[in-house]
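Below is one structure, written out as structure tokens; the observations come after it.
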Amino acid sequence: RICERIDILQRKTEKLSTVISNNDSSSGPSELINTLISARQKVQLQFEDRLRLINAQIIFYKSSEQVSQMLDTLEREYRTVEDIHEKLKIYNDDEIQKILADRLEQLDENKHSFLRACTVARQKSDLFHKYALRNAANLIKPEAYLKPLEQKIKNVSTILKNKEDTVLNAWHHRKKIIDEYLQYISFKRNTDKVFVWIDEHDECFVSKLEELDINDDGYMDFVRALK
């Protein structure tokens, strides 16, 4: 409706300008036309600013809602108690390492994704605030309009920031569990190798030690070779 009124005003202004220029050479009508044109341009700019504000507001709230839902889902996922040992006991150590490595990779991708989404939400917040400031400049009492709007933006942004921090903490906790289990699997594999080696070489190893004098250079060479 505002666009229609602006278009009507523009057409009437142009028509009036043509009629006056053809029938009157005085400057008064021309000044009136210039005033009307200037007023129309100002109204049009204000309308465009208001339209940008509305679009920025819609995008901000929609983006914030989507990010909030995503963070809630991730928090529930990361907070879920999981018995990794029980779940992976049907696999051998090599398979477990591959599974957990894939999990860590996916976990890292998820982290980058939700942090990027939170950054985009903050950018939408800044854009919304920018257009709110621009629109407030056209009002008689800008503070009365701007203050509650800024408070709403701050409230939503604070909620998202708190959720982001919560999910980030949960993410670190989940990653720590996987890292520790990977360390356990690595230690277990090395221990198994040692036991296998001992089973295969224990008699030879013991007999060799018995042959060597602890103070002899050959003993130290033998120990270094084992390392």
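What size of dipole, in debye to the nearest 20, comes out for the stretch 47-107 about its Cα centre when the only charges are +1 on Lys and Arg C-beta atoms and -1 on Asp and Glu C-beta atoms?
Dipole of the stretch 47-107, to the nearest 20 debye: 340 debye.
Past 24 Å, Cα to Cα, is the threshold; run LYS130/LYS161; LYS62/LYS141; LYS124/LYS152 against it and keep the listed order.
Working: LYS130/LYS161 20 Å; LYS62/LYS141 28 Å; LYS124/LYS152 14 Å.
Listed pairs above 24 Å: LYS62/LYS141.
If you place +1 on the Cβ of every Lys and Arg and -1 on the Cβ of every Asp and Glu, how big does the dipole about the Cα centre of the stretch 86-152 come out, in debye to the nearest 20?
740 debye
What distance in nm separates the simple spin-label points at ASP192 and HIS172, each placed 7 Å from Cα in the Cβ direction?
3.3 nm
Taking the Cα centroid of the stretch 44-82 and of the stretch 144-198, what is the distance between the two, rounded to the nearest whole Å?
Going from one Cα centre to the other spans 22 Å.
Take THR80, project a point 7 Å from its Cα along the Cβ direction, then tell me which residues of the stretch 161-179 have their backbone nitrogen under 16 Å from it.
Backbone N within reach: 170-171, 174-175, 178.
Under a straight-distance cross-link criterion of Cα-Cα below 29 Å, which lysines are reachable from LYS193, leaving out those fewer than 8 residues away in the same chain?
Within reach: LYS87, LYS89, LYS98, LYS175, LYS176, LYS208, LYS227.
Along Cα→Cβ, 7 Å out, is where each label goes; now give me the distance between the ones at GLN66 and LYS161 in nm to one decimal.
Here the modelled spin labels are 2.3 nm apart.
No lab work stands behind these numbers, since they all come straight from the coordinates. Everything quoted here is computed from the prediction, not taken from an experiment. A quick note on method: Cβ atoms are made from the backbone with ideal geometry, for glycine too, and the neighbour counts reach across all protein chains shown.
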